[in-house]
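Each reported figure results from applying straightforward, stated rules to the coordinates on display, with no laboratory input. Every value quoted in this text rests on a predicted model; they were computed, and no experiment measured them. Cβ placement follows ideal geometry from the backbone for every residue including glycine, while neighbour counts extend to all protein chains displayed.
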Amino acid sequence: MVIDLNNTAGLLLALAPELVLGFWCLVVMIWVAWRHGSFEDQWVAGVLSLAGLVMALGTVIWLWASDARAAQLAGMMALDPYRYATAVLFLLGAILTVLLSLDYLKREGVRIPEYYLLLLFGTLGMMFMGGGSDLIVIFLGLELMSVAVYVLAGIDRRSPFCAEAALKYFLLGAFASGFFLYGIALIYGATGTTNLVLIGTQVSGFALSSNLMALLGLGLLLIGFAFKVAAVPFHMWTPDVYDGSPTPVTGYMAAAVKAAGFAALLRVLFHSFGGVVVWHEALWWLAVITMVAGNLVALAQRQLKRMLAYSSIAHAGYLLAAVTSGSSAGAAAFLFYALAYTLMTIGAFAVLAAAGRGGERGVSVDDLNGLGSRRPWLAAAMTVFMLSLLGFPGTAGFIGKWYILSAAIDANQQLLAVVLVLTSVISAGYYLPPVMAMYMRAPSSPEAHSETTVAGGARLVVALSAALLVVFGFWPNAALEAARRGSTGLTPAVVYTVEGP
Amino acid sequence: MQEYLPVLLLFGFVLVNAVGMLVLSHLVSPQRPTPVKATPYESGMPPLGSTRDRFSVKFYLVAMLFIVFDIETVFMIPWGVAFRQLGLFGLVEMVVFIAILLVGYAYAWKRGALEWD
């Protein structure tokens, strides 16, 4: 399906998923305005948001399946499979988070139905980040997402750790947005446009790949993105923010927010700076430092939530390795790994939410002792998540790492591949102890784990994530094919010409 | 970088001008301070206590709501100027824009953001 962007109907069709989700934000907002007095009202708000997310997902998949593309150069939003693939990722993460939150919020006594509204707005922002083909749109999406997530991080107003998380995230996030915006300004100064494709034409056509202003702008953009995806050395906020936020929000931040940062980063680098060599080197170092530091520090953690926070930093390193290759194979590896990572990290946080109470900050590895005998299914699911995070064969995490490795080796980056393998081996040192505790140690007391239950939506999240991880681990072809098709839109087929700067 | 020279010159001129005026008035003017003259100027009122005081978070809420409708006006004025050229399309766009803002307004109202107490 070729969409003509010169008439209103074409424009509405091109923006259909965002319009559906945006309209549904307003619907939920009206519901929350009139009905916010009880937990039942909050539950209805959650179900309404779920309906909106599913409708947006349906629209995205319909556009993708009908192979919607633009007849002209898309100005603000791209119309390519990459946009649809990333939107599916974000919507999947948001749907899992809503399902996980339905019972969690009631259990923790958080009665703020705006929670779901903020999740919708955050997801809408992510879709603009993944689909924006203009730096301004990407920035607007980034801000829409970030502001919503700042509030979500501090949604439990009675917890001082929540307040700490929100304040830290807000201050550092706003700082990072400043870097990002300054980068956009410098790139605009060097190329005279904010459109990603036109920037790419300018950079290659006028030999701007060694232009100081353009490179400085690119560097500032990279810093902004590195903050958002929590790459070392811009990760300082991550452990405290992930630790203090309510657990479903932590899962959402670790999976969807990180994927959104990477989605926009990949598009900016591929569309605008494909011929610039220097970012490969910068990202190479970022990836290596992030993988090494994230995994080593995670080894020292005793609390499960902090351990998962550092694990998410380490995973940012693996995803950076996929981006560093700079090829469409790397982009496909990123899409597949982001899908697997969304499932395994939200699943792991769902199990953590079941095992703990009051924000789950105090759950240590020893608290899982004997879970295997008391809650065999939950322990089995947790084992799948841990093994998949580790990259064990038979899980989607393994296939994802395999494709990142092969993309890195195709791009002649053997050293990066070696570091990835070695750090994955190190990560066994903290992914396996929870599994050992669950199966090889006795419960600490006769009534241990009596309150560890997953009900309703959370049970669906755990079961679905674990099942999909195993399915994609053994039969990855369909998902890999989708990831490969999703990465095809990244290198523009037509070279557009523009006037000189 | 040649084209930035006028900007640099203007910047230097402004800097010299501002600093020069301050320094000159300080050097030239007669200074006979009294306690009343030395107090900060607050539009003619006697100053009431310190300015480093905590004030209610409600003010921030009102300020944020003000900004929303302030920006609405910023969008509406150019639209009003170009109303005839934009035609029906512009009218529909503006109706949609205001409808979205109205939802936010209704939300703020129902949630009690406009109540002072």
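Ordered by the count of other Cβ atoms within 10 Å of each Cβ, fewest first, B:E72, B:E3, A:E114, A:E143 give B:E3, B:E72, A:E143, A:E114. Of the residues A:S177, A:H280, A:W402, the one whose Cα sits farthest towards the positive end of the charge dipole of chain A is A:W402 (charges of +1 on Lys and Arg Cβ, -1 on Asp and Glu Cβ, taken about the Cα centre).
Length gained on full extension, A:A71 to A:L415: 119.6 nm, using 0.36 nm per residue less the C-alpha separation. If you take the Cα centroid of the range A:279-328 and the Cα centroid of the range A:370-418, the two points sit 14 Å apart.
Every helix of 4 or more DSSP H residues in chain B counts as -39500 (n - 2.57), and over all residues that averages to -23500 deg cm²/dmol at 222 nm.
For chain B, the spread of Cα coordinates along the three principal axes comes to 65, 55, 26 Å, biggest extent given first. By the count of neighbouring beta-carbon atoms within 10 Å, fewest first, A:F234, A:F90 end up ordered A:F234, A:F90. Measure nothing fancy, just the Cα-based angle from helix A:114-131's long axis to the longest principal axis of chain A, in degrees from 0 to 90, nearest 10. Helix A:114-131 sits at roughly 40 degrees to that axis.
Across B:V74, B:V103, B:V28, mean-square fluctuation computed from a Gaussian network of chain B (C-alpha pairs under 10 Å connected) peaks at B:V28. Extending 7 Å from the Cα toward the beta-carbon at both A:H280 and B:S29 defines two label points whose distance is 6.4 nm.
With only Lys, Arg, Asp and Glu charged, each at its Cβ (+1 for the first two, -1 for the last two), find how big the charge dipole of the protein assembly as shown is about the Cα centre; round to the nearest 20 debye. Walk me through the numbers before you get to the answer.
Values: 32 positive and 32 negative charges, 193 e Å.
Its charge dipole is roughly 920 debye.
Helical content alone sets the calculated 222 nm signal of chain A at -24500 deg cm²/dmol, taking -39,500 (n - 2.57) per DSSP H segment of four or more residues and averaging over every residue. With the convex hull of the Cα atoms taken as the outline of the protein assembly as shown, the averaged projected area works out to 34.6 nm².
Starting with the fewest neighbours, write out B:M76, A:M440 ranked by other beta-carbon atoms found within 10 Å of each beta-carbon. Can you show the working numbers first?
Working: B:M76 13, A:M440 10.
Arranged by neighbour count, lowest to highest, B:M76, A:M440 become A:M440, B:M76.
The residue list A:A316, A:G52, A:A70 was ranked by how far each Cα lies along the charge dipole of the protein assembly as shown toward its positive end, using unit charges on Cβ atoms, and A:A316 comes out on top.
In summary, the aspartates and glutamates within cross-link reach of A:K168, defined as a Cα separation below 13 angstrom excluding same-chain residues under 8 places away, comprise A:D240, A:D243.
Cβ under 10 Å from A:G489's Cβ, A:G489 left aside: what net charge do those residues give with Lys, Arg +1 and Asp, Glu -1?
Values: positive: A:R69, A:R83, A:R267, A:R485; negative: A:D80.
So the surrounding residues net to +3.
Once C-alpha pairs closer than 8 Å and six or more residues apart are averaged by separation and normalised to the residue number of chain A, the relative contact order reads 16 percent. Extension gain for B:V16 to B:K37 (0.36 nm times residue separation, less C-alpha to C-alpha distance): 4.7 nm.
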